[in-house]
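Before any comments, here is the structure.
The values are calculated or read from the model by the stated rules, or taken from the named source; none is laboratory data. Since this is a predicted model, take the numbers as computed values, not measurements. For neighbour counting, all protein chains shown are included, and Cβ atoms are generated from backbone atoms with ideal geometry for every residue, glycine included.
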Amino acid sequence: MYDYVPGKSDWLAGDLPFEGMARLTGMYTRRQVATVSEDTSVAEALARLEAQGFGPVVVVNHAGVVMGAAYRDGLRSADPGAVVKAMMRPGVSTVRPSEETGSLVRRMDDMQVTRVIVTRSDGTLVGLFFASDAPG
């Protein structure tokens with residue numbers, strides 16, 4: 001046992017293990033998601049999205065930090081030879097794996113959002129949270 005100076009909230013936001021009964025977003029996050037870098041071709045990004053079966057494609061930098069997202073409709077209508085950076089949505093909203101699942105699902109319902117990107121406090125990708133994956 002040791003003191004973790006940044007505290008419990010940072011520990012949980014880092015998607016690290018914990019004890020207790022809390023239902024946190026990280027527990028219900030899909031970890032295997034389609035990812036690309038900004039210089040990936042639109043054709044490759046669309047192929048990865050189709051192979052995954054759900055999306056969006058999350059655009060990450062070399063350190064795994066989320067830079068944006070590319071969505072199926074945009075990828076299908078873009079020039080296949082273009083790079084994802086030219087058509088991705090930068091600055092997408094994200095949540096931490098430490099979010100309480102029930103309140104997140106309620107906020108998503110209010111905003112009519114079905115999925116959200118989950119990142120650690122340093123911006124690195126954890127995965128995608130779908131409201132439909134949360135327990136009832």
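A compact table of results
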{"item": "Residue that is farthest from A45 (Cα to Cα) [pool: residues in segment 67-82 that are under 21 Å from the mean Cα position of the chain (by Cα) and of a type outside the set (D, E, K, R)]", "result": "M67"}
{"item": "Unique residue being over 15 Å from T29 (Cβ atoms) and at pLDDT below 95 when the list is G68, G91", "result": "G91"}
{"item": "Members of segment 94-136 that are over 22 Å from E19 (Cα atoms), in a loop (DSSP other than H, G, I, E, B) and free of Cβ contacts under 8 Å to residues at least 24 places away in the same chain", "result": "Q112, V113, T114"}
{"item": "Residue in segment 42-91 that is surrounded by the most Cβ atoms within 10 Å (Cβ to Cβ), counting only those that are in a strand (DSSP E or B) and among the small types (G, A, S)", "result": "A70"}
{"item": "Tally, over segment 65-93, of residues that are without any contact (Cβ under 8 Å) to a residue 40 or more places away in the chain and touching a Leu at 6+ places or on another chain (Cβ under 9 Å)", "result": "7"}
